[in-house]
2 protein chains.
Amino acid sequence: MSQLLLFAQTLSQPLKEEWRDAVQLKDLAKQLNVSVSTVSRTVNGTGRVGAKTRERILDAIKQTGYQPNEVARSLKRRSARTLGVVVADLSNSFYSKVIKGVEKVASENSYNVFVCNTDEEVGKEEEYIRVLLQNQVSGLVIATVGSDVRLFQPYIDSGIPFVFIDNLPSLEDRFNLVAIDNDKASRSITQHLVDQGHRKIAMMTGPLNQSTSSERLLGFRKCLEENGITPEERWIGVGTFKQEYGYRMMREWLLNEDRPTAVLAANDFLMYGAIKAIYERGLKIPEDIAVACFDANDETGLISPGITAIIQPAYEIGSIAAEIIMRREHDKGRKQYEKIELEPVLLLKQSSMGNKG
Amino acid sequence: MSQLLLFAQTLSQPLKEEWRDAVQLKDLAKQLNVSVSTVSRTVNGTGRVGAKTRERILDAIKQTGYQPNEVARSLKRRSARTLGVVVADLSNSFYSKVIKGVEKVASENSYNVFVCNTDEEVGKEEEYIRVLLQNQVSGLVIATVGSDVRLFQPYIDSGIPFVFIDNLPSLEDRFNLVAIDNDKASRSITQHLVDQGHRKIAMMTGPLNQSTSSERLLGFRKCLEENGITPEERWIGVGTFKQEYGYRMMREWLLNEDRPTAVLAANDFLMYGAIKAIYERGLKIPEDIAVACFDANDETGLISPGITAIIQPAYEIGSIAAEIIMRREHDKGRKQYEKIELEPVLLLKQSSMGNKG
DNA sequence: TTGAAAGCGCTAACAC
DNA sequence: GTGTTAGCGCTTTCAA
């Protein structure tokens with residue numbers, strides 16, 4: 001009986017503590033009677049190593065399943081081969097596509113990706129950027145919700161590439177950017193509403209310290225003016241990018257007899273909220289009110305009515321952002337900033353169609 | 001002129017190389033004429049430090065903006081305060097909620113989260129797990145798509161907690177699990193279809209090596225048999241979890257005169273594909289065909305028809321998984337495994353309602 | 001071609 | 001209380 005017990009114990013925990021630590025360079029070195037540096041060289045393929053020594057080492061690596069400790073490497077290298085991505089909301093398909101884009105380029109270059117979700121909170125955003133920098137990321141892709149970039153200016157200046165997407169930082173010129181021209185995009189979608197015969201057009205958007213908000217609002221205003229329409233201030237809602245605000249704002253507009261015949265929202269969540277309010281009021285889209293927004297991607301094919309929207313090339317934004325960082329990795333030290341503008345698509349669907357003469 | 005140039009240069013690149021490196025412990029130590037260990041102690045709040053020394057140090061930290069190098073800490077500690085999360089698809093709202101759940105618990109404990117996206121590819125999954133382990137993560141949360149866990153058995157045995165969610169690994173007993181009872185959930189949603197009067201019920205699911213697939217299929221079969229219905233093999237589709245497969249399979253079923261009156265899909269993407277096929281065929285939901293699936297979350301409120309579905313508590317799955325890891329961190333070495341079963345919700349919507357007597 | 005040794009930035013004994 | 005020092009696991013001169 002006691003033998004059996006012993007046996008079982010032996011099976012489940014072979015040598016206790018000894019086994020807990022993964023095999024490392026010096027183990028291989030000792031085992032093969034070579035120096036750690038030789039092993040290191042063959043692992044990395046740097047420097048010359050005798051043919052048969054290399055053989056033996058490669059063999060042992062396979063046998064033992066040796067895996068280099070990336071943390072030690074990063075410390076030595078003083079840079080983790082890692083990209084940080086900071087987004088406002090992971091469940092937002094725009095961001096998840098951006099991330100996939102970053103991911104693709106990163107993995108092509110054997111980099112890893114650290115993804116952080118800020119829930120649109122500036123505090124969290126700053127915290128995460130700090131943490132990522134402390135972790136020696138090679139570069140950052142940030143959809144900022146307005147953190148004070150000056151906090152990180154030392155890092156930016158020290159050459160760690162920051163690539164902003166979506167929102168511009170409220171700051172100087174020393175950063176990279178990948179985004180669409182929000183002003184222009186907003187003008188084009190507003191123009192579409194005007195072309196449908198609307199003149200009483202409302203717009204809802206997020207906080208104005210985010211450039212996506214302010215630029216989209218600006219484009220909206222410009223377009224109306226170009227068409228000889230004076231924007232009604234009461235029909236301009238500035239709040240958050242969340243569904244709930246879209247709902248509240250729309251409800252308020254609908255309380256009044258004199259209501260807009262079309263609504264533009266600066267993102268899809270706002271629009272979903274707005275639509276809820278419209279339906280609650282018993283109104284029809286687009287007959288009573290036409291709607292359009294930014295970023296309404298319908299993955300399901302079942303969203304009804306289909307929503308007219310500006311669609312950003314999210315995946316490309318992510319991959320290009322990552323490529324910028326990779327380029328900076330190669331010509332390190334050269335302080336150079338890229339601003340890349342991508343072309344969005346205006347997708348026309350039922351929600352805005354049907355002339356309003 | 002030459003003065004001006006000099007001035008400009010001075011502004012943009014102060015001391016060249018000197019500035020590139022962030023301030024570190026020894027800098028503070030030198031500057032304050034104390035030892036690095038004293039500074040380290042006050043940074044970490046470990047060990048006693050004289051009141052005024054501490055003051056001075058804290059001051060200097062604020063002045064210089066010193067941030068500890070996490071990579072060095074991790075190396076020393078032999079563990080990065082980081083959780084790895086491996087999911088099949090970031091754009092899937094189920095997973096993004098899981099991630100948010102993990103994230104919450106992690107950040108409460110000052111841990112970071114590494115998110116990896118496998119695109120449902122086993123190769124990528126194995127690669128990412130390897131990379132995460134090389135990066136000394138404290139634990140892993142994995143929605144496996146079938147990688148060979150034996151590859152990582154040494155790590156599991158060495159005490160790094162693996163928490164599986166969603167899918168079970170095709171292996172032994174030595175792992176943690178947080179999931180719903182898929183068999184039971186599947187039975188309950190199938191029963192609902194039966195209760196609506198359906199007897200010709202089809203089911204489509206993903207690869208059977210994923211337990212979510214096989215268990216859901218099993219539950220489906222059991223339920224039919226319990227109700228005295230013999231499952232029709234031609235109406236059981238085993239393929240992938242992607243929309244395209246749902247579409248193809250459904251189309252095939254609809255080619256035949258004798259078609260199912262209800263369809264269950266093992267996830268929402270399959271269902272969206274199926275619905276597309278149903279509409280293309282000019283059929284109505286639920287009048288001609290009732291549908292139901294797993295995980296159909298409608299964030300927009302606009303998906304029409306509303307889809308009857310089993311909703312998993314995704315956020316909780318993520319947070320509980322992370323909590324398990326945190327617990328293991330505290331009682332390190334103790335090899336103990338937790339299997340936690342959460343209760344899903346059956347959400348009834350139009351897509352399956354209306355008796356079929 | 002190979003090895004010895006000096007760190008990367010930090011923590012934690014262990015002395016004083 | 002505070003300082004000295006020995007690593008954490010790896011890479012990379014520099015000699016041999």
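Structure notes:
- Distance from the range A:242-284 to the range B:166-202 (C-alpha centre basis), Å: 39
- Sorted fewest first by neighbouring Cβ atoms within 10 angstrom, A:249, B:326, A:353, A:204 come out as A:353, B:326, A:249, A:204.
- For the protein assembly as shown: span of alpha carbons on each principal axis (Å, largest first): 90, 77, 54
- The spread of Cα positions in the range B:164-253, taken along each principal axis and listed from longest to shortest, comes to 42, 30, 17 Å.
- Shape of the range A:145-185, Cα gyration tensor, a/c cut at 1.5: prolate
- Seen against the Cα atoms of chain B and their longest principal axis, helix B:2-12 is set at about 50 degrees.
- Sequence-distant residues sharing a close amide H with residue B:180 (under 5 Å, placed H): B:166, B:342
- Across all C-alpha atoms in chain B, the radius of gyration and Dmax reach 27.5, 95 Å.
- Above-threshold pairs, the threshold being 22 Å between Cα atoms, out of A:124/B:339; B:97/B:335; B:104/B:349; A:200/A:349; A:242/A:339: A:124/B:339; B:97/B:335; B:104/B:349; A:242/A:339
- Between B:121, B:287, B:108, the GNM of chain B built on Cα springs shorter than 10 angstrom shows B:108 fluctuating the most.
- With q set to 0.18, 0.21, 0.24 Å⁻¹, the log10 of I(q)/I(0) for the range A:271-342, from the Debye formula over equal scatterers at the Cα positions, is -0.78, -0.93, -1.08.
- By the beta-carbon count within 10 Å of each Cβ, the least crowded to most crowded order of A:42, A:64, fewest first, is A:64, A:42.
- Electrostatic bookkeeping for residue A:103 treats Lys and Arg as +1 and Asp and Glu as -1; over the other residues with beta carbon under 15 Å from its beta carbon, the sum is -4.
- For residues of A:300-310, the mean tally of beta carbons on other chains within 10 Å: 5
- Burial ordering of A:247, A:66, fewest other beta-carbon atoms within 10 Å first: A:66, A:247
- Rounded tilt (10° steps) of B:93-108 against the dominant C-alpha axis of chain B: 30
- Top of B:228, B:206, B:306 by mean-square fluctuation, Gaussian network on chain B, Cα under 10 Å: B:228
- Among B:84-97, A:336-349, the peptide with the highest mean count of other Cβ atoms within 10 Å heads the list, and the full ranking is B:84-97, A:336-349.
- Partner chain coverage, peptide B:181-192 - average Cβ within 10 angstrom: 0
- The angle separating the long axis of helix A:314-330 from the principal Cα axis of greatest extent in chain A is about 40 degrees.
- Using a 7 Å projection from Cα along Cα-to-Cβ, the label point at residue A:329 is separated from the same position in the remaining copies by 2.7 nm, smallest value first.
- Whole-Hz Karplus values for the range B:198-206 come out as 7, 10, 9, 10, 9, 9, 10, 8, x Hz, taken residue by residue from phi with 6.51 cos²θ - 1.76 cosθ + 1.60 and θ = phi - 60°; glycine and proline positions read x.
- For the residues A:217, A:255, A:270, a GNM of chain A with alpha-carbon springs under 10 Å puts the largest fluctuation on A:255.
- Shortest-first nm distances, residue B:258 label point to equivalent points in other copies (7 Å, Cα→Cβ): 6.8
- In nanometres and ascending order, the distances from the residue A:48 label point to those of the other copies are 6.0 (point 7 Å from Cα along Cα→Cβ).
- In plain terms, the chain from residue B:338 to residue B:51 could stretch by 98.8 nm, reckoned as 0.36 nm per residue minus the Cα-Cα distance.
- Net charge dipole size for chain B [Lys, Arg +1 and Asp, Glu -1 on Cβ; Debye, nearest 20]: 1620
- Overall form of the range A:243-303 per C-alpha gyration tensor (a/c, 1.5; a/b vs b/c): prolate
- Averaged over peptide B:71-84, the number of partner chain Cβ atoms lying within 10 Å of each residue's Cβ comes to 4.
- Size of the range B:70-196: Rg and Dmax of its alpha carbons, in Å, are 16.3, 62.
- In sequence order, the range A:111-122 has phi-based couplings of 9, 9, 10, 9, 9, 10, 10, 9, 6, 6, 9, 4 Hz under the Karplus curve 6.51 cos²θ - 1.76 cosθ + 1.60, θ = phi - 60°, and Gly or Pro positions carry x.
- Tensor-based shape of the range A:205-315 (alpha-carbon gyration tensor, a/c under 1.5 rounded, otherwise prolate or oblate): rounded
- Descending semi-axes in whole angstrom, ellipsoid equivalent of the range B:51-141, from the Cα gyration tensor: 34, 16, 10
No lab work stands behind these numbers, since they all come straight from the coordinates. This is a predicted model, so every value here is computed, not measured. When we count neighbours, we look across all protein chains shown, and the Cβ atoms used for this are built from the backbone with ideal geometry, even at glycine.
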